[in-house]
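Heads up, the thing below is written out as structure tokens.
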Amino acid sequence: MEDRKNHWENVFATKTEKEVSWFQTYPKTSMEFLELFNLPLDANIIDVGGGDSYFVDALLDKGYKNIYVLDISANAMQRAKKRLGSKAENVNWIISDITEFEPTVKFDFWHDRAAFHFLTNDVAINKYVSIAENSISKNGYLILGTFSENGPTKCSGLEIKQYNESSMSARFEIAFNRIKCVTEDHITPFNTVQNFLFCSFQKK
């Protein structure tokens, strides 16, 4: 875990936001899922591995009041807070490895774009699934974005685990019903293409 934290602290200390492949100015697919489920503005929403992503900006712009951003990197959070200015005070910032996360609330919407796929062994994956199962409220939603089987095999120099619709669903089928999956070509700041799989689930 310490190696993982050091890796990400270094990434966010040495690269600008447009020097990382995952950068996007507006999280279109994520917001489309959010709008599909028509959540009330007081819903508890968490962005897992949110880093300095602009998903939190979009949530604040929509008027959501109970936003949580979790990331292993304090440097990433500092960047997001600096960008948001006084708006950052309206967000709950959590520095934690997701596999060690102990939430104090139940979440109505759990969003993860490209954190889950960095977990490559069954112990870590099962921990993540267990935490999600216990942290998401009944009928709450889980949105996961990972590299697809047509996507890269590495990101930021680290091995990742690719998923297809059935392999992702198999990880979560005990406590969740799958709603729908979509694939998306993400154009990086370097004009390369990364194929993502996004799947949505609802807690049973």
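The values are calculated or read from the model by the stated rules, or taken from the named source; none is laboratory data. Only a predicted model underlies this, so the values are computations on that prediction, with no experimental measurement involved. We place every Cβ from the backbone using ideal geometry, glycine too, and count neighbours over all the protein chains shown.
Of note:
- Some residue of segment 143-161 being surrounded by fewer than 17 Cβ atoms within 10 Å (Cβ to Cβ) and of a type in the set (A, V, I, L, M, F, W, C): yes
- Taking segment 158-194 as the range and being within 13 Å of HIS117 (Cα to Cα) and assigned to a loop (DSSP other than H, G, I, E, B) as the test, the residues that pass are ILE160, LYS161, GLN162, ASN164.
- For ALA114, the requirement of being within 20 Å of SER30 (Cα to Cα), at pLDDT below 90 and not β-branched (Val, Ile, Thr) is met.
- If the condition is being in a helix (DSSP H, G or I) and more than 23 Å from LEU36 (Cβ to Cβ), then segment 103-128 contributes PHE118, ASP122, VAL123, ALA124, ILE125, ASN126, LYS127, TYR128.
- Within segment 51-92, being within 17 Å of ALA114 (Cβ to Cβ) and basic (Lys, Arg) holds for one residue alone: ARG79.
- Number of positions in segment 81-102 that are closer than 15 Å to ASP61 by Cα, assigned to a helix (DSSP H, G or I) and not basic (Lys, Arg): 6
- Annotation note: Cβ proximity below 7 Å between a residue of segment 104-116 that is touching a residue at least 40 places away in the same chain (Cβ under 8 Å) and crowded, with 23+ Cβ neighbours inside 10 Å and a residue that is in a strand (DSSP E or B) and acidic (Asp, Glu) (sequence gap 6+ or interchain) occurs for HIS111/ASP47.
- Any chance ALA132 is assigned to a helix (DSSP H, G or I), under 20 Å from ASN10 (Cβ atoms) and either in contact with a strand residue (DSSP E or B) (Cβ under 8 Å, 6 or more places away or on another chain) or without any contact (Cβ under 8 Å) to a residue 60 or more places away in the chain (or both): no
- From the options ILE45, ILE67, residue that is part of a strand (DSSP E or B), in contact with a His (Cβ under 8 Å, 6 or more places away or on another chain), under 24 Å from GLN202 (Cβ atoms) and modelled with pLDDT of 95 or more: ILE45
- Taken over segment 80-103, the criterion of being surrounded by fewer than 16 Cβ atoms within 10 Å (Cβ to Cβ) and polar (S, T, N, Q) is satisfied by SER86, ASN90, ASN92, SER96.
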